[in-house]
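Q: The structure that follows is given in the form of structure tokens.
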Amino acid sequence: DAGVIQSPRHEVTEMGQEVTLRCKPISGHNSLFWYRQTMMRGLELLIYFNNNVPIDDSGMPEDRFSAKMPNASFSTLKIQPSEPRDSAVYFCASSFIQGGTEAFFGQGTRLTVV
Amino acid sequence: RKEVEQDPGPFNVPEGATVAFNCTYSNSASQSFFWYRQDCRKEPKLLMSVYSSGNEDGRFTAQLNRASQYISLLIRDSKLSDSATYLCVVNDIGTYKYIFGTGTRLKVLA
């Protein structure tokens, strides 16, 4: 398996633009997580899905952020409009939730909003 | 109080030293525990799971103390390649969330 695949790897955009981050989880995994990492706040859980259903989005910072998982093999995280403070590395992770197995991470998307 | 707390370090140790990290968690219902390693500008990767009875993998030993709600990681005979950030992770079986500590930075010096 190729692991969790995220795209793009890097994104530079202007303030006010819409940004869409993409994630393909590991085949067979039933849970997907979106994290944001900054130096100041570390790894923050934004939202997670179980069997394609959003379970907890309490970590989403504000209404500018939205996430979808239309099927078991694809998820998006959208920021509209983007702001400079959204600059961070965004990670997607997937796991098979049964008996406390580990989560596997994608390589992340480094987002810079100027 | 943060759900998972770690000393951010950095821990600067000489090659061959033994170093230990601790991590505390606030949710007593947490069921699964892990240590992840993150290299600079890379994604976190699983180092080892932490079992109630404690477990060892080569130079690495993980311990869990449920009564005091803390997890530890011991690294023996440190190598230069052990330099990284070590993240403590707690998973609550009920909510399925993986909650990460902010990480402890380790630098092994030649």
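The values are calculated or read from the model by the stated rules, or taken from the named source; none is laboratory data. Just so it is clear, the structure is predicted and the values come from calculations on it, not from any experiment. We place every Cβ from the backbone using ideal geometry, glycine too, and count neighbours over all the protein chains shown. With ligands, DNA and RNA removed, areas are computed over all heavy atoms of the protein, side chains included. Shrake-Rupley method; radii C 1.70, N 1.55, O 1.52, S 1.80 Å.
Q: Springs between alpha-carbon atoms under 10 Å, Gaussian network over chain B: tell me which of B:Ser68, B:Ser26, B:Ser78 tops the mean-square fluctuations.
A: Most flexible of the set in this elastic network: B:Ser68.
Q: I would also like to ask the following. Normalised radius of gyration for chain B, please: alpha carbon Rg relative to 2.2 N^0.38 Å, two decimal places.
A: On the way: Rg = 13.4 Å, N = 110, 2.2 N^0.38 = 13.1 Å.
The value comes to 1.02.
Q: For chain B, give me every cysteine whose Cβ has no other Cys Cβ within less than 4.7 Å, ordered by residue number.
A: If one checks each Cβ against the other cysteines of chain B, B:Cys40 turn up with nothing under 4.7 Å.
Q: Find the percent of Cα-Cα distances in the stretch A:44-87 that exceed 16 Å, and round it to a whole number.
A: Numbers: 358 of 946 pairs.
The proportion of pairs with Cα distances above 16 Å equals 38 percent.
Q: Quote the charge dipole size of chain B about the Cα centre in Debye, to the nearest 20; the model charges only the Cβ of Lys and Arg (+1) and of Asp and Glu (-1).
A: Working: 13 positive and 11 negative charges, 39 e Å.
The calculation lands at about 180 debye.
Q: Now, a different point. Provide Rg over Rh for the stretch B:1-57; use the alpha carbon set for both Rg and the Kirkwood Rh (inverse mean inverse pair distance).
A: Numbers: Rg = 13.3 Å, Rh = 13.7 Å.
Expressed as Rg/Rh, it is 0.97.
Q: Which loop chymotrypsin sites (Phe, Trp or Tyr not before Pro) in the stretch B:3-110, with loop taken from DSSP, have no more than 16 other Cβ atoms within 10 angstrom of their Cβ?
A: Details: sites: B:Phe11, B:Phe21, B:Tyr25, B:Phe33, B:Phe34, B:Trp35, B:Tyr36, B:Tyr51, B:Phe60, B:Tyr70, B:Tyr86, B:Tyr96, B:Tyr98, B:Phe100; in loops: B:Tyr51, B:Tyr96.
Sites meeting the loop and neighbour criteria: B:Tyr51.
Q: Okay, next question. Report, in cubic angstrom per residue, the convex hull volume of the C-alpha atoms of chain A. Intermediate values should be presented prior to the final figure.
A: Details: hull volume 10.9 nm³, N = 114.
Convex hull volume per residue, Cα atoms: 96 Å³.
Q: Given 20 °C and 1.002 mPa s, how large is the Stokes-Einstein diffusion coefficient of the protein assembly as shown in µm²/s, with Rh as the Kirkwood radius over Cα pairs? Could you put the intermediate results ahead of the total?
A: Details: Rh = 18.1 Å.
Rounded, D is 118 µm²/s.
Q: What percentage of the solvent-accessible surface of chain A, computed with a 1.4 Å probe over protein heavy atoms, is contributed by carbon and sulfur atoms? Intermediate values should be presented prior to the final figure.
A: Values: 2800 of 5600 Å².
Result for chain A: 50 percent of the exposed heavy-atom area is carbon or sulfur.
Q: Which value, in square angstrom to the nearest 100, describes the accessible area buried between chains B and A on both sides, using a 1.4 angstrom probe? Before the final figure, lay out the partial values.
A: Values: alone 6270 and 6430 Å², together 11020 Å².
Summing both sides, the interface buries roughly 1700 Å².
Q: If the chain between B:Lys2 and B:Ala20 were fully stretched, how many nm would it gain, using 0.36 nm times the residue separation less the Cα-Cα distance?
A: 4.4 nm
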